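These notes are about the structure you will find just below.
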Amino acid sequence: MADINLISVNKTYPPDVKAVEDVNLHIKDGEFMILLGPSGCGKSTTLRMIAGLESITSGDLYLGDKRINDVDPRDRNLAIVFQNYALYPHMTVRANLSFGLRLRRQPRATIEKRVGEVAEMLGIRDLLNRKPAALSGGQRQRVALGRALVRDPVAFLLDEPLSNLDAKLRAGMRTELIKLHQQLGRTIVHVTHDQVEAMTMGQRICIMKDGRIVQVGPPLEVYRNPVNTFVAGFLASPPMNLLQARLEPDGPGGLAAVHDGLRIAIPSAYMQAYAAFAGKPVILGIRPEDMYDEPVMGGVPFEARIVTVEALGPETILVAGIDGGSELSARLGRGFAARPGSPQRLYVDPWQVQLFDPETTLAIPRPQI
Amino acid sequence: MATAARIDPIGRNDRRFGWALTAPGLTALVLVVAGPLLWTLYISTVSYTLVHPGYDFAGLDNYRGAFAEDYFGDSLWVTVKFVVAVVIIEFLIGFTVALMLNSVTRFKDVYYLILLMPLLINPVVVAQIWRMFLHPELGIVNYVIGLVGVPKINWLGDARIAFWTVVLVDIWHQVSFMIILLLAGLSALPREPFEAARMDGATTLQAFLHVTLPLMRPVIVVTLLIRLIFAVKTFDLVFIMTRGGPGTATDLISYFIYRSAFYGLDIGQASAISVILLVVVLALTAYLYRYMRSLA
């Protein structure tokens, strides 16, 4: 069993720097778990604690049923892929791949076979006699991955392995890692700050901020129901638009979220959930993809002025200004074209809009429709 | 380059100015180093003794005479033994200490300073101090070992021991040279291959053998070569402590040259041996230079 359990794990650097605070996370056996967050949020430190490269100040770390806080990294049977690959510069690719097995005095034939298999799997067969200095970034990354694969560990720990690759290579490696996971079925813990990686690769995402876990869940779940404004603003690009608004009465027994000229009537199904905030300030969250340039059923129209139009090819990102000075990002179809400065009527889907409590930044819970 | 100078008058002025600034220093260097060097080369081919000063050309007689000397072979052998002993022992001690210092976090500067101090002392002073310490009757070393019941040792007067005494004093003096260079090399090593090695299952010893040593190879080679070159030229310790004795136990080549010139009074032959020593040192230096170039 290779599930990894972190129970109230803390990491404090003297004198009082809390890098990781009260982390509780259960990574299931065979799961592809993503640790996502901005720089300095503690995700790499958490990964290194799992690996054993950092000591755990307090709390428990379990691998299966075994408490491994005090187990040397050598004996944990985990493999880590570093952001900078950490290849042995003086050894050939073959020697890099076989190092772990050679240390354990595996028979030569076994080592050759295993190295050959992994090299084949990752497409680095031709590079076996080269040294790291003679490899490109992408090739080095695959050797680093290969080194982890050869060891056949119970779980893989990846520390931002794709960060140093260019966009195209990154996209390719993302797919390869997903396929690898499907092939091997081993637990993978993947640290990244890139939310595209998180959304596409993870079976579950664990979002961290300032050393604490903010939300854990499957990517779409976290995306659809962010627990607070931080998560809402972090996932997806462009992120959710967040506006200061007020919940005002709207017709008999109705409510509307109002931000200057923008007035969105709350669907009656949500009325009860938001009742407690009637008359109070709220944070109004509108996703760029929930805005349209054509009338949609139930869409709430509002007037805006175009600031910029980014034609990406398959879609267009529009930044529009509304009364009161705020700007919204909208994700529109590839056919959309307009000149900056011209007025534009946009439509919002009120069912997708989310409200957050301005004091706690938490999302106001509402029923799932 | 000439083309560049024609097109770039400012560059040429810069170079001229550079030459002008360095000219005095360069002249001094030429006078003090190159001059005597060339003179020695000349004298080595001439029959010149302090008893019969003269400039009769003698070709390679001085060189042949040097090799024919009984004690020249002995001196070479003692020098080789000394250099090998000193470099190897200093390397082993130096590397061990450097490894220990590398993992120290507190008071590193204090240890560093204490270990560095012997190196800063003038070699003549080092030799004088130790000569006094090692005096068989009045020296503190024999006093201290006497306290634990060990009989007095004739450190510098016993032909079997004197060589090792000189080796030990040289180690005391110069080991921090190794420590500094090796420590600098160790602290410049990247951290991540070591973490990778730990994850791969390497013990501390395995990481040392498979990662530290290979990555330290350039630093180790350069350090050994530099120390070797200086060890060949050791003079002060012998001159002050043993005068090459007892017998020829500590007759290092540099002292042998000195003896030939000022006791044997044969400047011509001493010059010849100096030239031989110069060639050896030059060869080592050239090798060091080429090795360092190949690293870049």
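The values are calculated or read from the model by the stated rules, or taken from the named source; none is laboratory data. Please read all numbers here as calculations on a predicted model, not as lab measurements. Quick reminder, even Gly has a Cβ in these numbers, built from the backbone with ideal geometry, and neighbours come from all protein chains shown.
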Strands (runs of 3 or more DSSP E) fully within the stretch A:1-120 counting 1 or more residues that are farther than 30 Å from B:LEU215 by Cβ and more than 22 Å from the chain's Cα centre (by Cα): A:4-13, A:17-27, A:58-63
Verdict on B:ILE220 being among the β-branched types (Val, Ile, Thr), within 14 Å of another protein chain (Cβ to nearest Cβ) and out of contact with any Pro (no Cβ under 9 Å at 6 or more places or on another chain): yes
Within the stretch B:202-217, considering residues that are in contact with a Phe, Trp or Tyr (Cβ under 9 Å, 6 or more places away or on another chain) and not hydrophobic (A, V, I, L, M, F, W, C), the one nearest to the other protein chains (Cβ to nearest Cβ): B:PRO214
Criterion violated by B:VAL110 - all others in (1) within 22 Å of the chain's Cα centre (by Cα); (2) of a type outside the set (Gly, Ala, Ser); (3) more than 11 Å from B:SER176 (Cβ to Cβ) satisfied: (1)
Residues within the stretch A:335-352 that are among the hydrophobic types (A, V, I, L, M, F, W, C) and more than 14 Å from A:ASP293 (Cα to Cα), tallied: 1
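For the stretch A:221-235, name all the residues that are within 11 Å of the chain's Cα centre (by Cα) and surrounded by fewer than 21 Cβ atoms within 10 Å (Cβ to Cβ).
The answer is A:TYR223, and nothing else.
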Filter result for A:ALA51 (hydrophobic (A, V, I, L, M, F, W, C), surrounded by fewer than 22 Cβ atoms within 10 Å (Cβ to Cβ), touching a helix residue (DSSP H, G or I) at 6+ places or on another chain (Cβ under 7 Å) and more than 19 Å from A:LYS209 (Cβ to Cβ)): yes
In the stretch A:183-220, the residues that are within 12 Å of A:LEU35 (Cα to Cα), among the charged types (D, E, K, R) and surrounded by fewer than 17 Cβ atoms within 10 Å (Cβ to Cβ): A:ARG212
Breaking point among (1) away from chain B (no Cβ under 11 Å); (2) at pLDDT 90 or above; (3) surrounded by 15 or more Cβ atoms within 10 Å (Cβ to Cβ), for A:LEU122: (2)
Elements of type strands (runs of 3 or more DSSP E) contained in the stretch A:282-352, each with 2 or more residues being of a type in the set (Gly, Ala, Ser) and within 27 Å of the chain's Cα centre (by Cα): A:327-333
Residue satisfying all of: in the stretch B:260-291; of a type in the set (Val, Ile, Thr) and within 24 Å of B:GLY59 (Cβ to Cβ); surrounded by the most Cβ atoms within 10 Å (Cβ to Cβ) among these: B:ILE273
Any pair with Cβ under 9 angstrom, 6 or more apart, that starts in the stretch B:161-185 at a residue that is touching a residue at least 40 places away in the same chain (Cβ under 8 Å) and more than 16 Å from B:THR223 (Cα to Cα) and ends at one that is crowded, with 18+ Cβ neighbours inside 10 Å and among the acidic types (Asp, Glu): B:ASP170/B:GLU90
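Got a sec? Which of A:ALA236, A:ALA232 is assigned to a loop (DSSP other than H, G, I, E, B) and within 30 Å of A:LEU158 (Cβ to Cβ)? Explain how you work it out, then say what you get.
Values: A:ALA232 fails: assigned to a loop (DSSP other than H, G, I, E, B).
When all the criteria are applied, what remains is A:ALA236.
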Test result for B:ASN13, in a helix (DSSP H, G or I) and in contact with a strand residue (DSSP E or B) (Cβ under 8 Å, 6 or more places away or on another chain): no
